[in-house]
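Enquirer: This is the structure I have questions about; it appears just below.
The values are calculated or read from the model by the stated rules, or taken from the named source; none is laboratory data. As the structure is a computational prediction, the values presented were derived from the model and not from experiment. Cβ sites come from the backbone with ideal geometry, for glycine too, and all protein chains shown count toward neighbours. Calculation scope for accessible area: heavy atoms of the full protein, side chains included, ligands and nucleic acids excluded. Shrake-Rupley method; radii C 1.70, N 1.55, O 1.52, S 1.80 Å.
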Amino acid sequence: MVHYSCCRSQSNRPCLWKVVVVQAPPDHRITRIHVEKGCSGLPYVQEILARLPGIPVREIPDRFRPEAPPSPPDLHKSKQELMLLKNRGRFLSSCPGTREYRCCGYQVLDIGNGCPMDCVYCILQAYLNAPYLTFYVNIEDLFAELDHHLAVDQKRFHRIGTGEFTDSMALDRVTGLSRRLIEFFAEKDSCMLELKSKAVVLDHVLSARHNGRTIMAWSVNSDQVAGKLEFFTAPVEERLEAASRCAAQGFPLAFHFDPIIRHPGWEEGYLRTVQQIFARVPAEAIAWISMGTFRCMPRLVKIIQQRFPGTTFMYDEFIPGLDNKLRYFRSVRVEMYRLLAAEIDRFRHPDTCLYLCMENDAVWKEVFGFAPEEQGGLDQMLDRAAILARQRALSLRGRGSEGVCRDG
Ligand code: SF4
């Protein structure tokens, strides 16, 4: 497994080029662990610490709160320290979509916050205020809440994901949570778990009993964007190789083109990634593919300027949207979506749901010729896609996992 990393030779911030290749999953970046006093005796905490031998551990008071959030230059350091603590709130919530844009009815399972990888555009830089990566260790409470939630709301189909406030798999080699989740969801009807990542931490989950109820998903981008703006992540071709291995085990798959960023040669770059996907994985295994162009709150631009001087992609033509986030002009977004959609349509299975993330009906109509409501709503479209992909993916188990596209 090869991960690209950064030289970090002269400063404590990543440079803009990936120059060193190391054999290490993202958890290898962790240099210190902080454990809440009340959690330190938990067997699960001991299990995690045993997978991080040699890393200094310090005990911190329960309900530890930093005096101030980390400043942007400190965010680099905060990605290398892990805090194990108890979640005293709810684990499940609705995805924080907005009224103004089409939302997909996703439910977020909050397993922790922050990410050891370091994407220049990552919106978490502007959202999170903890000085460390955090991971919740009271997982009995997590599973009890999930059990209760799924039991009381049986009429609804649940799509649940862990990749909203962190990367689903980045720390999973040490936490081992995803395997537990996969096997929990395998026994449940009317629900689907999505694990979304830019890492290729896989070996411990491939043999899990999944029953087709976990979608293994990867965020993908052009090689240029992945190479210059996604530090400590796996290269796109490694992500697709990982997806191919999952398809061979009968897991349904998903891909997220998000954020789509305009850069020199973006057309060729994104078309090549589409072709690579369908060359590497069987189209039948894919439940959905999403597309979302770069968007951010204005303060993220300032953070990027401070942390990654020399970055220029955010100096483009943007307008504030109805949710106050900066977006490309509508005509630019539509042009980008149409190009990708046309290429994806060449290869995708007819029941794979291709959708837009956080866009309005006008853009949907310009890109696809219909608004989600005309097909029952985006949540219904995705529920249907998940159910159909489960059957197809299970039938692929043990069979060849290559794709059909020969252009890639
Ligand atoms: S992988 Fe995702 S969560 Fe992690 S830094 Fe990149 S965008 Fe943020």
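Enquirer: Based on alpha-carbon positions alone, could you give the equivalent ellipsoid semi-axes of the range 248-375 from the gyration tensor, as √(5λ), descending, whole Å? Don't jump to the answer; show the numbers that get you there.
Expert: On the way: eigenvalues 148, 69, 36 Å².
After diagonalising the Cα gyration tensor, the semi-axes are 27, 19, 13 Å.
Enquirer: Moving on. Just to be sure I understand the curve: with the Debye formula and one point per C-alpha of the range 275-330, what is log10 I(q)/I(0) at q = 0.17 Å⁻¹?
Expert: With no solvent term, the Cα-only Debye profile gives -0.70.
Enquirer: Just the projected area, averaged over all directions, of the convex hull on the alpha carbon atoms of the chain: how many nm²?
Expert: Values: hull surface 75.6 nm².
Averaged projected hull area, Cα only: 18.9 nm².
Enquirer: Follow-up question, since we're still on this one. Using the Kirkwood radius over Cα pairs, work out the Stokes-Einstein diffusion coefficient for the range 79-203 at 37 °C and 0.692 mPa s, in µm²/s as a whole number.
Expert: On the way: Rh = 15.4 Å.
Here the translational diffusion coefficient equals 214 µm²/s.
Enquirer: Per residue of the chain, what 222 nm ellipticity follows from adding -39500 (n - 2.57) for every DSSP H run with n ≥ 4, rounded to the nearest 500? Let's see the in-between values first.
Expert: Numbers: 13 runs with 134 residues, N = 408.
Value at 222 nm, helices only, nearest 500: -9500 deg cm²/dmol.
Enquirer: Can I ask one more? Springs between alpha-carbon atoms under 10 Å, Gaussian network over the chain: tell me which of Ala151, Ala371, Ala254 tops the mean-square fluctuations.
Expert: In this elastic network of the chain, the residue with the biggest mean-square fluctuation among Ala151, Ala371, Ala254 is Ala151.
Enquirer: Provide the per residue accessible area, probe 1.4 Å, for the chain, rounded to a whole number of square angstrom.
Expert: 41 Å²
Enquirer: Then there is this: How far apart, in nanometres, would the label points at Val301 and Asp323 be if each is projected 7 angstrom from Cα along the Cα-to-Cβ direction?
Expert: Each label point is offset 7 Å from its Cα along the Cβ direction, giving 1.8 nm.
Enquirer: While we're looking at this one, here's another question. Post the alpha-carbon centroid distance, the range 368-393 to the range 309-349, in whole angstrom.
Expert: 22 Å
Enquirer: Now for a different question. Picking from Leu84, Leu339, Leu133, which is most flexible by a Gaussian network model of the chain using Cα springs under 10 Å?
Expert: Leu339
Enquirer: Quote the relative contact order of the chain in percent (integer), defining contacts as alpha-carbon pairs under 8 Å separated by 6+ residues.
Expert: On the way: 796 pairs, mean separation 71.1, N = 408.
It comes to 17 percent, rounded to a whole number.
Enquirer: Just in the range 41-125: which GluC sites (Glu not before Pro) are loop by DSSP and have at most 15 other Cβ atoms within 10 Å?
Expert: Values: sites: Glu47, Glu59, Glu67, Glu81, Glu100; in loops: Glu67, Glu100.
Here the GluC sites (Glu not before Pro) that fit, given the DSSP loop and packing criteria, are Glu67, Glu100.
Enquirer: Checking the table Lys155/Lys196; Lys37/Lys77; Lys196/Lys302; Lys198/Lys228; Lys86/Lys196 against a 20 Å threshold on Cα-Cα, which pairs fail?
Expert: Lys155/Lys196; Lys37/Lys77; Lys196/Lys302; Lys86/Lys196
Enquirer: Here is a follow-up. Using θ = phi - 60° and the Karplus form 6.51 cos²θ - 1.76 cosθ + 1.60, what ³J(HN,Hα) does each residue of the range 147-157 get, whole Hz, x for Gly and Pro?
Expert: Along the range 147-157, the couplings run 4, 5, 4, 6, 6, 7, 10, 7, 6, 8, 8 Hz.
Enquirer: Would you grab the residues whose amide H sits under 5 Å from the one on Gly321? Only those 5+ places off in sequence or on another chain, please, with H modelled 1.01 Å from N.
Expert: Leu326, Arg327
Enquirer: May I ask you to give the percent of accessible area on the chain that is carbon plus sulfur, with a probe radius of 1.4 Å? Display every interim value, and only then the final one.
Expert: Details: 8440 of 16740 Å².
After summing per-atom areas, the C and S share lands at 50 percent.
Enquirer: Convert each backbone phi in the range 207-215 into a coupling constant with the Karplus relation 6.51 cos²θ - 1.76 cosθ + 1.60 (shift: θ = phi - 60°), then list the ³J(HN,Hα) values in order as whole Hz, x for Gly and Pro.
Expert: For the range 207-215, the Karplus-derived couplings read 8, 5, 7, 10, 6, x, 9, 10, 8 Hz, x marking Gly and Pro.
Enquirer: For a quick check: with amide H placed at 1.01 Å from N, whose amide H comes under 5 Å from Glu359's, ignoring anything fewer than 5 positions away on the same chain?
Expert: Arg102
Enquirer: Now for a different question. Can you order the peptides 71-79, 178-186 by their average number of other Cβ atoms within 10 Å per residue, highest first? Mind dumping the intermediate values first?
Expert: Numbers: 71-79: 17.0, 178-186: 19.3.
Taking the mean over residues of other Cβ atoms within 10 Å, the ranking is 178-186, 71-79.
Enquirer: For the range 163-244, how big is the tail of P(r) above 16 Å, as a whole percent of Cα pairs? Please list the in-between numbers first.
Expert: Values: 1704 of 3321 pairs.
Result: 51 percent of Cα pairs exceed 16 Å.
Enquirer: Using each residue's phi in the range 218-234, evaluate 6.51 cos²θ - 1.76 cosθ + 1.60 at θ = phi - 60° and report the 3J(HN,Hα) Karplus result to the nearest Hz, with x for Gly and Pro.
Expert: Result, rounded to whole Hz: 10, 7, 10, 7, 5, 4, 5, 5, 4, x, 9, 10, 10, 6, 6, 9, 7.
Enquirer: Another question, if that's okay. Which of Phe347, Phe64, Phe368 moves the most in a Gaussian network model of the chain with Cα springs under 10 Å?
Expert: The residue with the greatest mean-square fluctuation here is Phe64.
Enquirer: Taking every pair of Cα atoms in the range 215-264, average 1/r, invert it to obtain the Kirkwood radius, and report Rg/Rh to two decimals.
Expert: Values: Rg = 11.7 Å, Rh = 11.6 Å.
That ratio equals 1.01.
Enquirer: Cα atoms only: what Rg and Dmax, in Å, come out for the range 189-298?
Expert: For the range 189-298, the Cα radius of gyration and maximum Cα-Cα distance read 14.2, 46 Å.
Enquirer: If each of Arg209 and Ala24 carries a label point 7 Å out from its Cα toward its Cβ, how far apart are those two points in nm?
Expert: My value for the distance between the label points is 3.7 nm.
Enquirer: Considering amide H positions built from the backbone, and no H for Pro or chain starts, which residues 5 or more places from Ile286, or on another chain, come under 5 Å of its amide H?
Expert: Counting only residues 5 or more places away or on other chains, the set is Leu253.
Enquirer: Just how many % of Cα pairs in the range 321-408 lie over 16 Å apart, if you round to the nearest whole percent? Write out the running numbers ahead of the final one.
Expert: On the way: 2440 of 3828 pairs.
Pairs farther apart than 16 Å: 64 percent.
Enquirer: Counting other C-beta atoms within 10 Å, and keeping those with at most 12, which DSSP coil GluC sites (Glu not before Pro) do you find in the range 276-352? Intermediate values should be presented prior to the final figure.
Expert: Working: sites: Glu284, Glu317, Glu335, Glu343; in loops: Glu317.
Loop-located and lightly packed - Glu317.
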